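For reference, the structure discussed in these notes is given below.
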């Protein structure tokens, strides 16, 4: 509450630090004058032992006021820390020579600096606030527990750090102080911070303080003291660093205090105003002396007595702030028509009374009109009632409203004299709109002009169900008796326009809970609230939600226990009430339960039934007793060493091939390992499932053998049974040819046809390339060409492509051609480029194509690796300089050459000494010599 001018007079304000001594004013002033000289001498002797802010005879700085005379100092002969009061009435009794016109003051203070007379005048004209002399500081600045005192202490001792650069703030460094949080920063640091993007305020123009994030519009450019009156203040040992040494004179922001701060220029916030003033209480009846600028309101102990909102009663509450509460007295009010009454608070519907009633009850008035024949048909209204609407001077038209009564009187109708006389009719169709029909087609009355209500309608009306999904056409006459409301009850009012019926459509929309469907018949709800109970389990796990079905998580359980909840050992306890579902408290004690092992316990007390597993390291045998494993945690029981079990199986022939395992090797099953008994015909293992006592079954041998031609160039892997069947077929042909000789009486040697050795001697036929290589070899021997020289590039020209690669390449020649082109380009690029390695990524492809790329990569000297999984598995080939070389002939050219028509082979010449006519049939066992027309050694 802002005090009035007369309430805040000068006689009610006490100066700062003013205390009334017990002695009289005369003796007090005498003590001030007598003790000042002795104090000055004592301070001069001990000035070196006092802190800089307590030195009273400090040398003034340029442009500042020198200390006041001894008579003007607010000191007393009492303790050093107490301030001597100067009464307001004694301000005029100061010595005639003030600090502004005393020429000897410079001698006393040993200073020859000039004095600013304007500042001295300000000090003389401001008797309300007493300032502290230079070198004498208020205890607020010396108290390190306050914000201001802590800042003064740290700045003076150079222990304060700049928040931007984290360096100490020196007493001679230019600084800037935030006026919101009062943090002190280096001036250069705060300039850099203000221009950095990190200091920009979001959505505002300006920069943020690094400490309090307060937004400032202008970037500081000048070094000023804390009060802002002096620019570039000089540092003095006797004053606070970065201050001007003058009185602060800042005003408290946001307060109605007219005084300014009376401390010397200081960092941090200004202290509250210590002056006192008189304030009026909230009700305005009493006055109280309070601190100047005190934000709290003043209350007295008297009743408020202000008039309430009703205008009749007074507030009975004690002195309070804000408007008074409405009147709480209950009154009985009667409606205008007098049929209804109500109890309301005093002050309700003020100004609506007509002398007979205070409110309208929304019923028919029913009072007798002045005519004495009819009653008022209007809704309850203030007095008086309207005149009778049937009076002759008020009725000017016939009942249907189409013809004026003046025309009917000219036609011979009798005139009306009272309100009871009938109104003449015009004889026309009434035509008044009825309540039935629709907005597009309005039904009208079909009777002749008449008085009273219109009769029933002879047409039909289309009505819709509640949800407007279906419509129904009904006679308008049936709407009176069969008109249905929204709940299926009969309509009691005639011709209600919103007559509806209930259809059989069920609502499929979801209710607000999001879990259930509405399923209401002919639903008209918009929110579809769910009437079911939620029923889901709460977080406690013991109770279910009893709220209506809802969305989101259920509320916490409202149940609570009034028993103490403790940990297992009882050291930690939660006292009641304990909310339902609360877990037992955590306990730092060692678990005291009985454990299976005797190892030391390292886990704390817990609420779970089972203790954590013991992790003490021990030695244990593996499950197969193969080796003793070390550093095994105690809780591990079944340990596998990773070695094969190798235990003898019941069959006696095999050993268990599983890794070290637990239990029996074979449980309710027989050994299914392949039999290793050699076959009688080929010597390969039987490979049939283990048959302990029965002989080996007769099956085709699936072992793979390698066949090669005579020169050893061609190699092919075949299944043993297929190779033996080929040999048997050849042997059968040879046997048939020898039977003819046997019939002629000649002896035949058949031992070579039935031995195993002959089966292994089965070879492939040499092709044209084999013959070409043989010829080149003979030429090299003829010309004495060694393997090291290789002038004709015999080794390089030899085929490097395997038969399996050729067979796969014949299926897709175009793919092979594209792959070879990519590989040739890759090899050329790595040989001509700067990099020693280069790679190429092929797109994802099937397994056959990837196998072709891997085989071709070996021929070209490339490294090939497959990546990813099916169906995106692809191949990456890498060419290395010095290792990757393109072959002399490509696989594509070799295959195209082979696919061309071959010339007929040379005619074989049989030896004359061969008398065995059947020997030419054994092509795979003994191949006949072929004439080499290029052999020049003969």
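The values are calculated or read from the model by the stated rules, or taken from the named source; none is laboratory data. Since the model is a prediction, treat every value here as computed from it, not as a measurement. Cβ coordinates were reconstructed from backbone atoms using ideal geometry, including for glycine residues, and neighbour counts include every protein chain displayed.
Elements of the type strands (runs of 3 or more DSSP E) sitting completely within the stretch 432-471 and holding at least 1 residues that are within 23 Å of residue 502 (Cβ to Cβ): these cover 433-437, 460-464.
Just one of (1) surrounded by 15 or more Cβ atoms within 10 Å (Cβ to Cβ); (2) touching a helix residue (DSSP H, G or I) at 6+ places or on another chain (Cβ under 7 Å); (3) modelled with pLDDT of 85 or more; (4) more than 28 Å from residue 838 (Cα to Cα) fails for residue 810. It is (1). Applying the set (1) surrounded by fewer than 11 Cβ atoms within 10 Å (Cβ to Cβ); (2) modelled with pLDDT under 85 to residue 486 leaves exactly one unmet item: (1). Find the strands (runs of 3 or more DSSP E) located wholly in the stretch 259-363 whose residues include 2 or more that are over 30 Å from residue 176 (Cα atoms) and at pLDDT below 85, and list them. Here the list reads 276-280, 287-291. The set of residues from the stretch 180-217 being without any contact (Cβ under 8 Å) to a residue 12 or more places away in the chain and at negative phi comprises 196, 197, 198, 199, 200, 202, 204, 208. For residue 898, the test of being modelled with pLDDT under 85, outside any loop (DSSP other than H, G, I, E, B) and in contact with a helix residue (DSSP H, G or I) (Cβ under 9 Å, 6 or more places away or on another chain) is passed. For residue 315, the conditions (1) surrounded by 13 or more Cβ atoms within 10 Å (Cβ to Cβ); (2) within 30 Å of residue 379 (Cα to Cα); (3) without any contact (Cβ under 8 Å) to a residue 24 or more places away in the chain all hold with the exception of (2).
How many residues, within the stretch 577-607, are assigned to a loop (DSSP other than H, G, I, E, B) and either in contact with a helix residue (DSSP H, G or I) (Cβ under 8 Å, 6 or more places away or on another chain) or closer than 20 Å to residue 541 by Cβ (or both)? Residues flagged as assigned to a loop (DSSP other than H, G, I, E, B) and either in contact with a helix residue (DSSP H, G or I) (Cβ under 8 Å, 6 or more places away or on another chain) or closer than 20 Å to residue 541 by Cβ (or both) within the stretch 577-607 amount to 10. Given the criteria in a loop (DSSP other than H, G, I, E, B), crowded, with 20+ Cβ neighbours inside 10 Å, modelled with pLDDT of 85 or more and touching a strand residue (DSSP E or B) at 6+ places or on another chain (Cβ under 8 Å), does residue 241 qualify? Here the answer is no, as residue 241 does not meet what is asked. Scanning for something closer than 30 Å to residue 456 by Cβ, out of contact with any helix residue (DSSP H, G or I) (no Cβ under 9 Å at 6 or more places or on another chain), touching a residue at least 40 places away in the same chain (Cβ under 8 Å) and surrounded by fewer than 13 Cβ atoms within 10 Å (Cβ to Cβ), does the stretch 394-416 turn up at least one residue? Checking the stretch 394-416: not a single residue is closer than 30 Å to residue 456 by Cβ, out of contact with any helix residue (DSSP H, G or I) (no Cβ under 9 Å at 6 or more places or on another chain), touching a residue at least 40 places away in the same chain (Cβ under 8 Å) and surrounded by fewer than 13 Cβ atoms within 10 Å (Cβ to Cβ).
Is there a residue in the stretch 183-197 that is farther than 22 Å from residue 167 by Cβ and assigned to a strand (DSSP E or B)?
Within the stretch 183-197, none of the residues are farther than 22 Å from residue 167 by Cβ and assigned to a strand (DSSP E or B).
Restricting the stretch 866-885 to residues that are at pLDDT below 90 and under 22 Å from residue 831 (Cβ atoms), the residue that is surrounded by the most Cβ atoms within 10 Å (Cβ to Cβ) is 884. Kindly evaluate residue 563 against the criterion of being over 30 Å from residue 613 (Cα atoms), assigned to a loop (DSSP other than H, G, I, E, B) and more than 37 Å from the chain's Cα centre (by Cα). Taking the combined requirement at face value, the residue satisfies it.
The listed residues are 749, 758, 774, and the only one of them that is surrounded by 16 or more Cβ atoms within 10 Å (Cβ to Cβ) and at pLDDT below 65 turns out to be 758.
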